[in-house]
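Trainee: Please find one structure pasted underneath; my questions will follow.
The values are calculated or read from the model by the stated rules, or taken from the named source; none is laboratory data. Keep in mind the model is a prediction, meaning the values are calculated, not measured. Don't worry about glycine lacking a Cβ; one is built from the backbone with ideal geometry, like all the others, and counts go over all protein chains shown. These area figures cover heavy atoms from the full protein model, side chains too; ligands, DNA and RNA do not enter into them. Shrake-Rupley method; radii C 1.70, N 1.55, O 1.52, S 1.80 Å.
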Amino acid sequence: MTTQSTSTDNRSIVAAAFGGLVESGDVASVERVLSDGFVHHRPDSTSSTKTHWLAAMRASLENMAGMQVEIKHMLADGDHVVLHSRRRLPSGPEITVVDIMRFEDGLIAEAWETIEPTAEAASHLTWWAPGEY
């Protein structure tokens, strides 16, 4: 299999799984594409297993009813897929999310996620400025 076909296959897997999750709250659509050893990494250096991440996802669905999701970009290169989206709850702020997924043997083996409130994005442009931290 070529890198191009692998990238296309992985992209299709992510699109179908997360599409099912967003459209109907079907966590099983994501569960079936996660490897048994799946690890979800967070920016704060914590991580969770497949079981813990799926439990958190199921628990959060109640709070995400009516969420609008706009996929801005989906990029695939070899065994990685990057999903950039904007999400908004009916009564909440808009967030910008970047998910990076690494595939192994046709399943998502690892994922990284960064979430930023869109309204705060401009203030995060100068986090490196001297005296600002």
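Trainee: Just the residues that are at pLDDT 90 or above, closer than 16 Å to Leu21 by Cβ and in contact with a Lys or Arg (Cβ under 8 Å, 6 or more places away or on another chain), please, taken from region 57-75.
Mentor: Of all residues in region 57-75, those at pLDDT 90 or above come to 70-75.
Among the residues that remain, those that are also closer than 16 Å to Leu21 by Cβ are: 70-71, 74.
Answer for region 57-75, where residues must be at pLDDT 90 or above, closer than 16 Å to Leu21 by Cβ and in contact with a Lys or Arg (Cβ under 8 Å, 6 or more places away or on another chain): Glu70, Met74.
Trainee: Can you tell me which condition Gly78 does not meet? The list is (1) among the small types (Gly, Ala, Ser); (2) modelled with pLDDT of 95 or more; (3) touching a helix residue (DSSP H, G or I) at 6+ places or on another chain (Cβ under 6 Å), and all the others hold.
Mentor: (2)
Trainee: Condition first: open to solvent by less than 50 Å² (accessible area, probe 1.4 Å) and under 21 Å from His41 (Cα atoms). Now tell me which residues in region 103-127 satisfy that. Walk me through how you get there before you give the answer.
Mentor: Step one: of region 103-127, the residues open to solvent by less than 50 Å² (accessible area, probe 1.4 Å) are 103, 106, 108-111, 113, 117-118, 121.
Those that are open to solvent by less than 50 Å² (accessible area, probe 1.4 Å) and under 21 Å from His41 (Cα atoms): Phe103, Gly106, Ile108, Ala109, Glu110, Ala111, Glu113, Pro117.
Trainee: Something else about it: Do we find a residue being in a helix (DSSP H, G or I) and at pLDDT below 85 anywhere in region 33-56? It would help to see each step written out before you state the result.
Mentor: First, pick out the residues of region 33-56 that are in a helix (DSSP H, G or I): 50-56.
Next cut, at pLDDT below 85 only: none.
No, because not a single residue in region 33-56 is in a helix (DSSP H, G or I) and at pLDDT below 85.
Trainee: A further question follows. So, Val14, is that one touching a residue at least 40 places away in the same chain (Cβ under 8 Å), part of a helix (DSSP H, G or I) and touching a Leu at 6+ places or on another chain (Cβ under 7 Å) or not?
Mentor: In short, yes.
Trainee: Taking region 66-97, which residues are within 23 Å of His124 (Cβ to Cβ), open to solvent by less than 70 Å² (accessible area, probe 1.4 Å) and in a strand (DSSP E or B)?
Mentor: Passing the criteria: Val69, Val82, Leu83, His84, Ser85, Arg87, Glu94, Ile95, Thr96, Val97.
Trainee: Does any residue of region 45-65 turn out to be closer than 19 Å to Pro117 by Cβ and surrounded by 15 or more Cβ atoms within 10 Å (Cβ to Cβ)? Give the steps one after another, and end with the answer.
Mentor: Just the residues of region 45-65 that are closer than 19 Å to Pro117 by Cβ, to begin with: 60, 63-64.
Next, only the ones that are surrounded by 15 or more Cβ atoms within 10 Å (Cβ to Cβ) stay: 64.
Checked region 45-65: at least one residue is closer than 19 Å to Pro117 by Cβ and surrounded by 15 or more Cβ atoms within 10 Å (Cβ to Cβ).
Trainee: Right, another one. Only one of (1) modelled with pLDDT of 95 or more; (2) charged (D, E, K, R); (3) more than 18 Å from Thr8 (Cα to Cα) is not met by Arg102, so which one is it?
Mentor: All conditions are met except number (3).
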